[in-house]
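The values are calculated or read from the model by the stated rules, or taken from the named source; none is laboratory data. Note that the coordinates shown come from a computational prediction; the quantities given were computed from them, not determined experimentally. Glycine gets a Cβ as well: all are built from the backbone with ideal geometry, and neighbour counts include every protein chain shown. These area figures cover heavy atoms from the full protein model, side chains too; ligands, DNA and RNA do not enter into them. Shrake-Rupley method; radii C 1.70, N 1.55, O 1.52, S 1.80 Å.
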Amino acid sequence: MVHRALITILLSAVLAQGAFAQKPEFDLKPLETGSEIKIPASVQMNFPNDKATLFFLVEVENTELSFVQSEVNRQMELGQKAIQDFSSIAKVETTGYSATPLWTQATEKQASKIAGWKARQILKVTTEDVQGVASLVQVAQNSGLALGDVQFGLTEEARELADNQLIEASLQVLNRRVGVATTAMGLSSDIVRIKKLNFEGGFANNIYSPRLSAYAMSAKTVATPSFSVGETQLSMTVNAVITIEDPTTEKDIQ
C-alpha cells in the first residue's frame, strides 16, 4: 500500500510538471486603434550658482528709545555706504525695521513695565559677483553689520538657460523610452503619435550653498570668511500621452 501511494504521488507530480510546461507564455494583446499610452520621463541636472543673496543685521538695545533708533540708523548708513563703495554691482535693500520695548518681569507686588528698547533693521544685498562674496561680507562686518544669512542660487538668465537644457534632455529621454516601450509591445513607429505633452519641473535644490547665522560683532576687525558657491540641482519631468493610429488612414505629415 505504501509503495502504491508513493507511485501515485510521483505520477501526480509528473503530470503537474507537464501541465506547467505546456502552459503558453503570457503575451500582451495588440492595442486597438485609438488606444492611449502614458509614458513619463525625468531628468536631473546641476548648474553652477551665479547669484548670491546676503542678509545683514543691525540690532541695538538701550534704555532710551531715541538712542537705539539713532544708533541703528547710523550703523545701517555706514554699512550701506561701505558695501556700495566696495561693489558697484551689488544691489541693497533695507527691510524689517522695528523698535520694540523690553519689559521687566512682573511680580506679585509690581506689574511689568518698560525697562528699555530694542531696535533692529535688516539689509538685503544681492550680487552676481559670487566669487567676491567673502570680501563683501568682510567689508560689511567691519563696518558694523552682522551677517545673518547667505544664499546662493541662479539668476533669471541662468535659470532660463537651465530650463532649456532640461527640456531638451527630458525630450531625449522620452524619445528613448517611447522607442523601448513600442518595440517591446511590437508596435511600428509609423502608427505611434504623441497626443499630449506635459512638463513639470524646475524644482531647485542647492548643493554646497551655506546658510549662516552669525550675529556677533565683538571683534574690531573681522577676518575674511570662506564660502563655497556650489550648484543648484534642477529636475524636470515630461509626461507624454501617445496614441495608436490606424495605418490604413494615416496621412503623411509634411
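A few remarks follow.
- Estimated inter-spin distance, residue 131 and residue 73, nm [label 7 Å along Cα→Cβ]: 4.1 nm
- Restricting region 108-175 to GluC sites (Glu not before Pro) in coil, as DSSP defines it, with at most 12 other Cβ within 10 Å: 108
- Considering only 100, 153, 138, and ranking their Cα positions along the charge dipole of region 82-156 that arises from unit charges at the beta-carbon of Lys, Arg, Asp and Glu, the one farthest toward the positive end is 100.
- Extended-chain gain in nm, criterion 0.36 nm per residue less alpha-carbon gap, residue 66 and residue 89: 4.9 nm
- Amide N of region 222-246 lying under 20 Å from the label point, which is placed 7 angstrom from the Cα of residue 180 along Cα→Cβ: 235-243
- Lys, Arg +1 and Asp, Glu -1 on Cβ, resulting dipole of region 89-170 about Cα centre, debye, nearest 20: 920 debye
- Computed about its Cα centre, the charge dipole of region 61-111 is approximately 80 debye, with only Lys, Arg, Asp and Glu carrying charge at their Cβ.
- Taking all protein chains together and rolling a 1.4 Å probe, residue 94 ends up with roughly 60 Å² accessible.
- Tail fraction, Cα-Cα pairs, region 63-184, threshold 16 Å, whole percent: 74 percent
- Across region 91-104, computed HN-Hα scalar couplings (Karplus, 6.51 cos²θ - 1.76 cosθ + 1.60, θ = phi - 60°) run 9, 10, 8, 8, 7, x, 7, 8, 9, 10, x, 10, 9, 7 Hz from first to last residue, x flagging Gly and Pro.
- Sparse packing (at most 11 other Cβ atoms within 10 Å of the Cβ) combined with a DSSP loop state is found for the following trypsin sites (Lys or Arg not before Pro) in region 49-151: 109, 113.
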